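The values are calculated or read from the model by the stated rules, or taken from the named source; none is laboratory data. Keep in mind it's a predicted model, so treat the numbers as computed, not measured. Cβ atoms come from the backbone with ideal geometry, glycine included; neighbour counts cover every protein chain shown. Only protein heavy atoms, including side chains, enter the accessible area calculation; ligands, DNA and RNA are left aside. Shrake-Rupley method; radii C 1.70, N 1.55, O 1.52, S 1.80 Å.
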Amino acid sequence: MTLELGMVTVDCADPRQMAAFWCGALGVRIDQDWGEYLVLTPAREGGVRLGFQQVPEERAGKNRLHLDLATTDREGEVARLVGLGATALGEHEVPGLAWTVLEDPEGNRFCVGEPH
């Protein structure tokens, strides 16, 4: 097989605002800027890139794909992300894992999880 995941692109109204939020969230920078389409550097070499593409239509309903972020300090990272502009929506737990559901500044949901 020759396929691998190279990038996840998020449709949005304001790619610059979204890139600024996610650069702060992930500690990365903008790698490519075409105005209506921005690409962030991967968090580590060989990692997946994150792109933000301006689209004219508004997001309707809950997004069908979301990012799952991992940490060993969920409470601290959630507080930091809320400080950057995210909104915390709720906390969940199953044996071995706890996670918080958040929304980025445009309402796209993502999760921050921490193993027990």
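Here's the yes/no breakdown for (1) at pLDDT 95 or above; (2) within 16 Å of E106 (Cβ to Cβ):
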site	(1), (2)
G24	yes, yes
G35	no, no
V39	yes, no
G47	no, no
E77	yes, no
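Of the conditions (1) surrounded by 13 or more Cβ atoms within 10 Å (Cβ to Cβ); (2) more than 15 Å from V28 (Cα to Cα); (3) modelled with pLDDT under 95, K62 satisfies every one except a single condition; which number is it?
(1)
Scan G47, G76, G61 and give me the residue that is in a loop (DSSP other than H, G, I, E, B) and more than 18 Å from D11 (Cα to Cα).
Answer to the check: G47.
For (1) free of Cβ contacts under 8 Å to residues at least 40 places away in the same chain; (2) buried (at least 16 other Cβ atoms within 10 Å of the Cβ), each residue gets a yes or a no:
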site	(1), (2)
E4	yes, no
V8	no, no
G24	no, no
V28	yes, yes
Y37	yes, no
E45	yes, no
E75	yes, no
L84	no, no
H92	yes, no
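Look through G85, G96, G47, G24 and report the one residue that is under 24 Å from G113 (Cβ atoms), over 16 Å from the mean Cα position of the chain (by Cα) and not aliphatic (A, V, I, L, M).
The unique qualifying residue is G96.
Report, by residue number, each residue of segment 94-104 that is touching a helix residue (DSSP H, G or I) at 6+ places or on another chain (Cβ under 8 Å) and either touching a residue at least 40 places away in the same chain (Cβ under 8 Å) or over 21 Å from M18 (Cα atoms) (or both).
Within segment 94-104, A98, W99, D104 meet the criteria.
Looking at segment 47-58 only, could you name the residues that are polar (S, T, N, Q) and either touching a Leu at 6+ places or on another chain (Cβ under 7 Å) or open to solvent by less than 50 Å² (accessible area, probe 1.4 Å) (or both)?
Within segment 47-58, no residue meets the criteria.
Please determine, by comparing only the residues of segment 10-22 that are more than 18 Å from L102 (Cα to Cα) and not basic (K, R), which one is surrounded by the fewest Cβ atoms within 10 Å (Cβ to Cβ).
Filtering first and then ranking leaves D14.
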